[in-house]
């Protein structure tokens, strides 16, 4: 019986790790319609799989939800997950997954990470329950992502650009889609998928670290209204539109 329980515990931890890994990604993502697929990695800090790293994938839908995909352990996908705020600087998410290998078994994952840090490092706990709802054990994990993963939509971005050989100018319209005003002094973060570099910006304070651009000191945005910022930049090879916009840590949708 003890050996059987050890095997079951190892299986549960494997499931837990694979599901948790969905939350933060390395190093690639692909968009499909308005959804985003992210390839993920998770590091086990303790438990039978301590010191190991496992990959998985998860889907962030256009509505902001997230679904874990780990067919080897949970039969394809988790239950729909949700995002929450731990204040202005930290984002969290939670979801659960039924375990096909153990009928009635259930995994609940909770993770948090600091907004607008690159790469993102999330720490969290996976809790495993049996069919009677009893907690069997928990495991702690660390997941890493090169960019902020979208959660719920709190703003809307419109990007307009004119380019010529090696240079371009762009305007970003930031729309507040909520019924709550956004105070002045806000921060917009976005990522260049190419080799672009900002040379001059206006209506905000621009800084760039690698492919990530941060625009601070934004003007206030009243409810259901918008502001515009702009910049000049350089490029080589190609000049694709920026991606992964967040406003004050909240992901933004993008008008195409």
Could you say which residue among 216, 222 is surrounded by fewer than 17 Cβ atoms within 10 Å (Cβ to Cβ) and within 22 Å of the chain's Cα centre (by Cα)? 216
Identity of the residue in the range 247-256, surrounded by 13 or more Cβ atoms within 10 Å (Cβ to Cβ) and either free of Cβ contacts under 8 Å to residues at least 40 places away in the same chain or assigned to a strand (DSSP E or B) (or both), that ends up nearest to the chain's Cα centre (by Cα): 251
Among (1) farther than 15 Å from residue 252 by Cα; (2) in a strand (DSSP E or B), there is one condition residue 159 misses while meeting the rest; what is its number? (1)
State whether one or more residues within the range 230-246 are surrounded by 17 or more Cβ atoms within 10 Å (Cβ to Cβ), within 19 Å of the chain's Cα centre (by Cα), over 14 Å from residue 159 (Cβ atoms) and touching a residue at least 40 places away in the same chain (Cβ under 8 Å). yes
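Bear in mind that the values in this text are calculations on the coordinates, not laboratory data. Just so it is clear, the model here is predicted, and its values are computed rather than measured. For neighbour counting, all protein chains shown are included, and Cβ atoms are generated from backbone atoms with ideal geometry for every residue, glycine included.
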